[in-house]
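> Structure below; questions to follow.
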Amino acid sequence: AQKVTQAQTEISVVEKEDVTLDCVYETRDTTYYLFWYKQPPSGELVFLIRRNSFDEQNEISGRYSWNFQKSTSSFNFTITASQVVDSAVYFCALSEAIGANSKLTFGKGITLSVRP
Amino acid sequence: DTAVSQTPKYLVTQMGNDKSIKCEQNLGHDTMYWYKQDSKKFLKIMFSYNNKELIINETVPNRFSPKSPDKAHLNLHINSLELGDSAVYFCASSYTGQAYNEQFFGPGTRLTVL
């Protein structure tokens, strides 16, 4: 069975600090996909990134970067120079295929508060 | 322009009532989902449909019945509402049911059962 663990439940930082959100996953599949979603206080879920199990290249998008390491089954997310608008709940998720139909399993989320 | 829309946004009702939540996507996706987010923010899949066919049913009580009249719509009907049904319900869609497709979420429906 697939599982996603986000051990940090709440993180509070001061604006402009860097912050890393941890994600550890478990799966028996060799092919799988990892995602990060953001849920701001307004409540909607926003897709941030997808990474497949064959691509261990790190990804950078502006102030956001992701570090995928299969050896430790981790897919961590770093926000550089955090801003108040980054305050949200961040979910890591894992998708395995069930035949041709996938099931997305979410971690419990990390509540990030960025103080001015 | 809304990609995945849900109605209503808020739903307050009494225990024992029957209610429905509607979901529509205009992305041309084949697969749609319902998720439940509890008070601790935990998100769990309830159902998925691919082209109107039920694919995933995650041990949800049979008081919950999804209905997909066409691939752009997936409605959720809940009978005999209980206090524990209070949650935020999210509809989502993806291009196909394949694992690599990201899912696009609706704005959520906050259901409160009194």
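The values are calculated or read from the model by the stated rules, or taken from the named source; none is laboratory data. No experiment lies behind these values; they were computed from the predicted model shown. Positions of Cβ are generated from backbone atoms using ideal geometry, with glycine treated the same way; all protein chains shown enter the neighbour counts.
> Going through the range A:21-53 one residue at a time, which ones are surrounded by fewer than 15 Cβ atoms within 10 Å (Cβ to Cβ) and of a type in the set (S, T, N, Q)?
Hits for the range A:21-53 are A:Thr30, A:Thr31, A:Ser42, A:Asn52.
> If A:Gly43 satisfies every condition in (1) part of a loop (DSSP other than H, G, I, E, B); (2) on the phi < 0 side of the Ramachandran plot but one, which is the exception?
Of everything listed in (1) part of a loop (DSSP other than H, G, I, E, B); (2) on the phi < 0 side of the Ramachandran plot, A:Gly43 misses just condition (2).
> Restricting to the range B:37-49, and then to whatever is surrounded by 20 or more Cβ atoms within 10 Å (Cβ to Cβ) and of a type outside the set (Ser, Thr, Tyr), can you tell me which residue is nearest to the other protein chains (Cβ to nearest Cβ)? Walk me through it before giving the result.
Applying the first criterion (surrounded by 20 or more Cβ atoms within 10 Å (Cβ to Cβ)) to the range B:37-49 yields B:37, B:43, B:45, B:47-49.
This time we only want the ones that are of a type outside the set (Ser, Thr, Tyr), so: B:37, B:43, B:45, B:47.
On the way: B:Gln37: 9, B:Leu43: 4, B:Ile45: 6, B:Phe47: 11 Å.
Checked the range B:37-49; the qualifying residue nearest to the other protein chains (Cβ to nearest Cβ) is B:Leu43.
> So B:Ser65 passes all but one of these: (1) within 14 Å of another protein chain (Cβ to nearest Cβ); (2) surrounded by fewer than 18 Cβ atoms within 10 Å (Cβ to Cβ); (3) not β-branched (Val, Ile, Thr). Which condition number does it fail?
(1)
> When residues of the range B:1-44 are filtered for being in contact with a strand residue (DSSP E or B) (Cβ under 7 Å, 6 or more places away or on another chain) and within 13 Å of B:Ser93 (Cβ to Cβ), how many remain?
Looking only at that region, the number is 15.
> With the condition kept exactly as written, say whether any residue in the range B:84-94 is within 19 Å of B:Val4 (Cα to Cα), among the aliphatic types (A, V, I, L, M) and under 10 Å from the mean Cα position of the chain (by Cα).
yes
> Let me ask you something else. Of all residues in the range A:88-100 being crowded, with 18+ Cβ neighbours inside 10 Å and more than 15 Å from A:Leu45 (Cβ to Cβ), which is modelled with the highest pLDDT?
Pass one, the range A:88-100, residues crowded, with 18+ Cβ neighbours inside 10 Å: A:88-96.
Narrowing the set further to residues that are more than 15 Å from A:Leu45 (Cβ to Cβ) leaves A:94, A:96.
Values: A:Leu94: 94, A:Glu96: 79.
That would be A:Leu94.
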